[in-house]
Each structure stands twice: as structure tokens, then as C-alpha cells.
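Just so it is clear, none of the values below were taken in a lab; they were calculated from the coordinates. These numbers come from a predicted model, not from an experiment. Because the Cβ atoms are built from the backbone with ideal geometry, glycine has one as well, and the counts that use them run over all protein chains shown.
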Amino acid sequence: MKARTGIFVLSVSLVVLAIIPGLEADQNDGELAAKASAQWLALVDGGKYAESWDESAQLFRGAVTKEKWKESLTAVRKPLGKLISRSAKSKQYTRSLPGAPDGEYVVIQYDTSFENKKSSVETVTPMLDKEGKWRVSGYYIR
């Protein structure tokens, strides 16, 4: 159960159980955020947890150490088994999230199936960083 706590802490209150009402993302922003999310998830799916931490937003890296991230994600993802399928369920642009500084965020939810958990929802929250690049700032599986 402690490992799951790491995931909750990691998300720095960016854990979104329901989509927060907000503005629809500019199509380009939405596409760039979705691409960043997909690239980041590919690292996670490939077991490259340290690399996923390296590629995450500063907000994310400030919330959890690389070692704690690797431990937590190993504890949560390993029991799920291999990824079977993932499809985008929703994408919501917002400038404000609970417990996070104002900025530009896209909350993306995926319907995901794993080898040992047929039905789950992954929430990935990319944010636009100071350099103008979309990077993941939160991740949650339920």
C-alpha cells in the first residue's frame, strides 16, 4: 500500500478523479501535450522509470525523488503486467489545478487494459514548461 501512496504524492494534487471544467485546448497545444504524454508513457511502459522521471516537468521532479519514483512505479505497475491497450478517453485544457501553480495543463485520461487489470483509467497531466515544451507533471492509475 505504501507504493500506491508514492503515486498519490507524486501527482502533487494533480490527481484528477473527474475532469476539471476548463477551456478546450487549442488544437495544436492539445496535440503537442498528447504527443508528450504518449512519449512519456512509452518510457513507463518500457520500464524506463528513471528516464520517465528525467523527462517529467520540474514540478513533478520536485515532488518526488528519482529513487522514490522508481520504487513507487515498480510497485504499482509490475503487478499490472504488460500493457494490452490504451485509448484516449478525454483531454481537457486548464490553467488551474488544485494544489498546483497556475500554468497551462492538459489533463488526459486513457482507458487502459493491462495483462492483470483489464479495465483501468490512467490520468496523465502534461504542463507547458518555461522553455515552451510539454512535460508530464502528474500521473495516476485507478
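Only residues of the stretch 66-109 count here: report those whose backbone N is under 19 Å from the spot 7 Å along Cα→Cβ of Glu51, or say none.
66-75, 77-78, 82-84
Tell me which residues come under 5 Å, amide H to amide H, from Asp129 once H is placed; ignore anything under 5 positions away on its chain.
Distant-sequence amide H within range of Asp129: Trp134, Arg135.
Please enumerate, by chain and number, the lysines with C-alpha under 16 Å from the C-alpha of Lys91, excluding those fewer than 8 residues away in the same chain.
Straight-line reach from Lys91, under 16 Å: Lys35.
Taking amide H atoms as placed 1.01 Å from N in the peptide plane, list the residues 5 or more away in sequence, or in a different chain, whose amide H sits under 5 Å from that of Lys89.
Residues meeting the criterion, in which the H sits 1.01 Å from N, are Gln109, Tyr110, Asp111.
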